[in-house]
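Colleague: One structure follows; several queries about it will come next.
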Amino acid sequence: MKSTGAKQAIGNRTGMQTSPELAEELVEGAAGSTPSSEGGPEVIAESRTEYISEGFPLGSMPLMPVSEEADAGEDQTQMAVLLDKLSERLAFERMGVRLYEALLNKCEALGETSPGPTLEDITRIGSEELEHFLMLNETITAIGGDPTVESPSADIAAVTSMGILQVLTDPRSSVPQCLQAMLTAELTDNAGWEMLIELAGNLGYDDMREKFETALANEEEHLQNVRNWVTDCVMDKAMVDSDSE
């Protein structure tokens, strides 16, 4: 018989307690097996240490613009730190746009759910993420930096956020599961803006700090929205499951 293509629910059989007898055999087999290699965690730690000692730094910063009146060494270091963190936020906001595009695609495909965001909610937040990206692009250019540079911190931010994007683009993930991943992104985003505001203020970039404070206000709203959606989805699921028993 040909498959109809309909989705079939498959029970989770990963837990050992579903089959106690086989579980005992599994434990006995593991205890009696021979390790594939000698040593324990300390061996892999030694190997990692060797790679670490021989490794190169994770990227580098280009030469920074230096003002004539400032101490060259001090100003160079401060500017490098600032541009590195600006590049990090630029990378994360770029990913933020992609994350909300993926969330919009998910909700369009599965349909709006209640509780949860509307398509209008997602579109609005995605547009604000894009505004933050463009603002950071202009900010970096205004102080003599290159927004196309991928700094070490930007590299880390891009790699870190890839896991979140994978959750959203996984065809099996549900809207509540995607929102849980977005909560991780928004928590990170808020913390990044808070740190950047403090850094800009300490270096005397007051106009820059004010722009970042406006962006943080948007991000705080994003975070609260996502947190509420996640909580509402969990509570709604718990009540549905309770009612079905």
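The values are calculated or read from the model by the stated rules, or taken from the named source; none is laboratory data. It should be emphasised that the depicted structure is a prediction, and the values quoted were computed from it without experimental measurement. With ideal geometry, Cβ positions are generated from the backbone for all residues, glycine too; neighbour counts draw on all protein chains shown.
Colleague: Looking at T123, T113, T139, T188 in this structure, which one is among the polar types (S, T, N, Q), modelled with pLDDT of 95 or more and farther than 22 Å from G59 by Cβ?
Modeller: Going through T123, T113, T139, T188 in turn, just one is among the polar types (S, T, N, Q), modelled with pLDDT of 95 or more and farther than 22 Å from G59 by Cβ: T123.
Colleague: OK, next. Failed condition for Y100, given (1) modelled with pLDDT under 95; (2) within 19 Å of E219 (Cα to Cα); (3) touching a Ser or Thr at 6+ places or on another chain (Cβ under 9 Å); (4) not hydrophobic (A, V, I, L, M, F, W, C), with all others met?
Modeller: So the condition that Y100 fails would be (1).
Colleague: Here's something else I'd like to know. Counting only residues that are modelled with pLDDT of 85 or more and β-branched (V, I, T), how many does the range 1-54 have?
Modeller: 5
Colleague: Also: Filter the range 146-187 down to the residues that are in contact with an Asp or Glu (Cβ under 8 Å, 6 or more places away or on another chain) and either over 20 Å from I122 (Cβ atoms) or small (G, A, S) (or both) and list them by number.
Modeller: Selection gives S151, P152, S153, A154, I156, A157, A158.
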